[in-house]
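Participant: Please find one structure pasted underneath; my questions will follow.
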Amino acid sequence: MIKVCHMTSAHAPGDVRIFHKECVSLGKAGYQVYLVQRGESYEASGVHVIGVGQPSGGRLTRMTAFSKKVYETARALDADIYHFHDPELLPYGHKLKKLGKIVIFDSHEIYEIQMRKKPYLPDWAAALMAMVYTHYERYVVHRLDGAVVPCLRADKPFFGGAARRLVTVDNTPKLEELYDRYDPESSRDSRQVCYVGGLTEARGITVSIQAAHAAGCRLALAGLFSPAGYEARLRAMPEFSCVDYRGMLDRKEITALLNASGIGLCLMARGAQFDCATNFNVKTYEYMAMGIPVILSCNAFNRKLLDKWNFGICVDPGNVEEITGAIRYLLDHPEEARRMGENGRRAVKEAFNWNVEEAKLLELYAELCTAGGKEVPV
C-alpha cells in the first residue's frame, strides 16, 4: 500500500481542506494516509494523525523550530509521497525531494500577494519579503513533483510557471456536509444577515456591520476577531448594536446558523488576492449550498459566475450605501431572493462540490505514482 504523509505546521487540527477533504479522500481511495500536525495523535476516518504538540513562543518559533519538528516526525514515517501545506515547510519539502520522495506543495493562498499586505510591516519591508519569498518559492516548486492550488491567478501564471505539474483543487463543500443538510422547512429569518469566517477588516466586517445596521437587520457573526484590539474598536461603534456575535462554531452549529439566516455576506476588500483569484471564498460556497442568496465583492470572476448562475448580488466592498441597498433589495424581493438561493444550490450540486475537486486530486496522485513506478490503488 502506498504511504502518504501530509504535513502542516501552521494549520489547526481538523482543518477542513487538509483533513476532512484531502486526507479522507485519499484514504477512501486506498492510500495509507498519515497527517503530521500540531496537537495530539489519534485515528479517524481512515487517517493516522500524528500530533507533535503545540508550538511554543510566537510566529518565528513556529516557522523555525516547530516546522523542523513536523518535518523530522514526517521523515521518520518513510512515506512514499509527502504533501505539505505551509510556506515555512518549503525547505523541508526540498530536503524530502533530495531523499528521493514524491513531494507536493499545496499552496492555500497566493502568498506573494498576502505578504505585501501584512499590516505589521512597513510597505518596503513587506515588498522585500514578498520578493525574496517568491524567488525561493519558485526555486523549490520547480524541483518538486507537483503543486496543488485552490485557484488560478487571473493575469499571471501560478508560481511564475515554475511547477512541473499544477493542479487546481478548489476548496468547495462536500455535498453530505452542508448541501444534504439544507432544511427547506427551517424557520429562516429573512432579516438575519450572516457571516462565518475570519473577522477582519480585510474581510469586510466593519462595512458589514454598518450596512446591516443601516438596513435594520441583525448581523450574525461567527469566527474570531483579528488583530488584537479590532473587536474592541468594533464594539465601540454605535452600529454594533445590530450584531449577534456567536464566537467560534463547530460544523453542526454553522449548519444551524446558515439554515436560520436569510442572506450571506462575503465582502472581501479590494487590493488583495481576492481581486485576481479565479474562485469564490469558501464561505460563499457554503452559503450557496444552504440556499442563501449571497452579497459578495465585485470583481471579474464574481461577475462572470453571477451572470451564469444568478445566486446573489455583486457590490463595491467599500461602499456601505451600496451594500445596504443590496440587503434592502433582497428583503423587499423575497421571491427573487428565494430563487437566488435555489440557483446557488443548483450551482453547488452541478459544479462547485468536493466530488468534482476530489477527482482532480486523485488524478494527480495516480499520475505521480505511475511516473514514480508505483502501483496506483484500485
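The values are calculated or read from the model by the stated rules, or taken from the named source; none is laboratory data. Worth saying up front: this structure is predicted, and the values here are computed from it rather than measured. Cβ coordinates were reconstructed from backbone atoms using ideal geometry, including for glycine residues, and neighbour counts include every protein chain displayed. Side chains are part of the model used for accessible areas, which takes the heavy atoms of the whole protein and leaves out ligands, DNA and RNA. Shrake-Rupley method; radii C 1.70, N 1.55, O 1.52, S 1.80 Å.
Participant: So which of LYS28, LYS21 is in contact (Cβ under 8 Å) with a residue 12 or more places away in the chain and open to solvent by 40 Å² or more (accessible area, probe 1.4 Å)?
Facilitator: Of LYS28, LYS21, the one residue that is in contact (Cβ under 8 Å) with a residue 12 or more places away in the chain and open to solvent by 40 Å² or more (accessible area, probe 1.4 Å) is LYS28.
Participant: Which residues, counting only those in region 231-270, are aliphatic (A, V, I, L, M), surrounded by 13 or more Cβ atoms within 10 Å (Cβ to Cβ) and over 20 Å from the mean Cα position of the chain (by Cα)?
Facilitator: Within region 231-270, the first condition is being aliphatic (A, V, I, L, M), and the residues that meet it are 232, 234, 236-237, 243, 248-249, 254, 256-258, 260, 263, 265, 267-269.
So of that shortlist, the ones also surrounded by 13 or more Cβ atoms within 10 Å (Cβ to Cβ) come out as 234, 237, 243, 249, 254, 256-258, 260, 263, 265, 267-269.
Within region 231-270, LEU234, MET237, VAL243, ALA256, ALA260, ILE263 qualify.
Participant: Kindly list the number of the only condition in (1) over 25 Å from the mean Cα position of the chain (by Cα); (2) surrounded by fewer than 13 Cβ atoms within 10 Å (Cβ to Cβ) that fails for PRO227.
Facilitator: Here PRO227 meets the rest and fails (1).
Participant: Here is a further query. Where the second residue is open to solvent by 10 Å² or more (accessible area, probe 1.4 Å) and part of a loop (DSSP other than H, G, I, E, B) and the first is of a type in the set (Phe, Trp, Tyr) and lies in region 132-155, which pairs have Cβ atoms under 9 Å and are six or more apart or on separate chains?
Facilitator: From region 132-155, the pairs are TYR139/ALA162.
Participant: Would you tally the residues in region 110-142 being closer than 19 Å to LYS97 by Cα and open to solvent by 20 Å² or more (accessible area, probe 1.4 Å)?
Facilitator: 5
Participant: Specify which of the listed residues (GLU322, GLU358, GLU336) is open to solvent by 30 Å² or more (accessible area, probe 1.4 Å), of a type in the set (D, E, K, R) and closer than 30 Å to ASP80 by Cα.
Facilitator: GLU358
Participant: Looking only at residues that are open to solvent by 30 Å² or more (accessible area, probe 1.4 Å) and touching a helix residue (DSSP H, G or I) at 6+ places or on another chain (Cβ under 9 Å) in region 143-155, which one is nearest to ARG17 (Cα to Cα)?
Facilitator: It comes out as LEU152.
Participant: Would you mind telling me which numbered condition in (1) closer than 30 Å to SER25 by Cα; (2) open to solvent by 60 Å² or more (accessible area, probe 1.4 Å); (3) among the hydroxyl-bearing types (Ser, Thr, Tyr) THR284 fails?
Facilitator: Exception for THR284: condition (2).
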